[in-house]
Amino acid sequence: MTTTLIRGGTVVSATGSAPADVLVDGETIAAVLQPGSTLLGTDIAALVDQVIDATGKYVIPGGVDAHTHMEMPFGGTFASDTFETGTRAAAWGGTTTIVDFVVQYPEQRVLDQYQAWHAKAAGNCAIDYGFHQILSDVQDESLKAMDELIAEGVTSFKLFMAYKGVFLSDDGQILRAFQKGADNGAMMMMHAENGAMIDVLVQQALQAGNTSPYYHGLTRPWQAEAEATHRAIMIADLTGAPLYVVHVSAKQAVEHIATARDRGLNVFGETCPQYLYLSLEEQLGAPGFEGAKWVCSTPLRSRAEGHQAHMWQSLRTNDIQMVSTDHCPFCMKDQKEMGVGDFSKIPNGIGSVEHRMDLMYQGVVSGQITKERWVEITSTTPARMFGLYGRKGVIQPGADADIVVYDPQGHTSLGLHKTHHMNMDYSAWEGFEIDGHVDVVMSRGSVIVDSSGYIGQKGHGRYVPRGLSQYLV
Ligand code: URP
Ligand code: ZN
Ligand code: ZN
């Protein structure tokens, strides 16, 4: 059992910041101390096994990325990060917990898939991990499985209003699943896009010869997201289930979420770095097939329409509660390339698990959010939202010692050949410069990243069963 003192830093939490030393005993935090505290007249630094100097740095709870897809079978291929490569990349970037999605396709048994995800992750992860469950075939067996999964610590379930024949549930199926969620306390998660509208627009675009990645964005308009978001909220209202809308990108969808919250409903929204920084015009509209790098759904939105600015604002006002990556990486070669000549065949997804903490810190630098809000939206709220709080998302005695020492004077260049450790042959963030740096990452008391780089171990990460959401009103 190693004891560690992280001293000289400023502990930043969701509610405030103060100079403090953090004492770690084994896997957990033992104490948060006045700077320079002594024990019976002896400097605590002299009593511990190791001291980490955090002078001039921020000491924050490790990032919790509540939306990843490692090795996800999707779009005729698999997301290119395994649990090994993806969690290692997450560690590099200061994320110490992920919540990944178990996928159930139609005809598959939910509980078989849950076991399959355990088999993929066990012994391979650099950091701790939990699971959500995707339901794409809501019938009696899957509803029963929801109860069993809650007992296993899988307390949230994602449904889709798009991807007909793959993931899509009709409104009756959604209603039934939400009724179950209202009954057993599960958080119901929704991919809110009107799939029927999108499918027609895609066919019309292809028939007109509009095959480039840009048309991925044009055929998934904000109206399709806003309509589906509103419909999901109505089903949540009718059933009483809590609702978490994933990867929100349209300002009109945020407005529906905000209205629902003003009415007192347990309705929440997540956005992702790509919807805060990237756009339909600049990235999806890149020349040739280049835009394929940024094909994801919901799609990047028009900057001219003001979606990005509204997303930042909604993070300040808490109309949107948190930021996840929706990490779903694909290589250009052999994967994104499947969609040359037909944008609808480009596998949907962007890889960012390594960069979320940095990208959101840049929002502190640019004055969009405070450093306390940075910690809240990347760590504390994800932990509370998905039943991990107390153990994750906070620096306090008894919590897991998942801690990041972040240097606000440091610098990080994002890009394939710079800081990139994800299993991708490109970076969606090429050329982004961050005024900050992840210096040290500790996972359950073990330093897994320091100035020498990644020093963690495959298999250190453990499955974390989750409780019910701690964010409900
Ligand atoms: O494009 C995306 N978002 N890919 C991952 C699957 C999903 O819908 O979250
Ligand atoms: Zn989705
Ligand atoms: Zn996703």
Would you please give the residues with an amide H less than 5 Å from that of F74, counting only those at least 5 places away or on a separate chain, with H modeled from the backbone geometry? A79
Applied in sequence order to segment 11-20, the curve 6.51 cos²θ - 1.76 cosθ + 1.60 (Karplus, θ = phi - 60°) yields integer Hz couplings, x standing for Gly and Pro, of 7, 9, 10, 5, 10, x, 9, 7, x, 6
Any residue on another chain or 5+ positions along whose placed amide H is under 5 Å from the amide H of A286 is listed here as G291
To the nearest 0.05, how large is the calculated FRET efficiency for L238 and Y454 if R₀ is 60 Å and r is the Cβ-Cβ distance? 0.80
Rounded to the nearest 20 debye, what is the charge dipole size of the chain about its Cα centre when +1 sits on each Lys and Arg Cβ and -1 on each Asp and Glu Cβ? 360
Name the residues whose placed amide hydrogens come within less than 5 Å of the amide hydrogen of C296, ignoring near sequence neighbours (fewer than 5 apart) on the same chain. G349
Unit charges at the beta carbon, dipole of the chain: most positive-side option, M311, V365, S37: M311
Evaluate the distance, in nm, between pseudo-label points positioned 7 Å from the Cα of A151 and of T77 along their respective Cα→Cβ axes. 4.1
Highest mean first, how do 57-64, 433-440 rank when packing is the count of other Cβ atoms within 10 Å averaged over residues? 57-64, 433-440
K144-S413 pseudo-label distance in nm [points 7 Å out on the Cα-to-Cβ vector]: 5.8
If packing is taken as the average count of other Cβ atoms within 10 Å, what order do 314-325, 201-212 fall into, highest mean first? 314-325, 201-212
Quick check on segment 350-461: take the gyration tensor over C-alpha atoms, sort the square-rooted eigenvalues as a ≥ b ≥ c, and tell me if it's rounded (a/c under 1.5), prolate or oblate. oblate
Just the Cα atoms of segment 62-385, one point each, no solvent: what log10 I(q)/I(0) does Debye give at q = 0.07, 0.09 Å⁻¹? -0.24, -0.41
Once label points are set 7 Å from the Cα along Cα→Cβ at both A286 and T259, what is their separation, rounded to one decimal in nm? 3.7
Need the full-extension length gain, Q115 to E433, defined as separation in residues times 0.36 nm minus the C-alpha distance. One decimal, nm. 110.5 nm
Modelled FRET efficiency - R0 25 Å, Q207 with A304, Cβ distances, 0.05 increments: 0.40
Full extension between T317 and D342 adds, at 0.36 nm per residue less the Cα distance, a length in nm of 5.1 nm
Computed FRET value (nearest 0.05) for L47 with Y463, which takes r as the C-beta separation and R₀ as 30 Å: 0.35
Could you work out the relative contact order of segment 62-385, using alpha carbon pairs under 8 angstrom and six or more residues apart, expressed as a whole percent? 19
Can you pull the accessible area of I44 for me, 1.4 Å probe, Å² to the nearest 10? 20
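The values are calculated or read from the model by the stated rules, or taken from the named source; none is laboratory data. Note that the structure is predicted; figures quoted are calculated from it, not measured. Because the Cβ atoms are built from the backbone with ideal geometry, glycine has one as well, and the counts that use them run over all protein chains shown. For accessibility, only protein heavy atoms count, side chains too; no ligands or nucleic acids. Shrake-Rupley method; radii C 1.70, N 1.55, O 1.52, S 1.80 Å.
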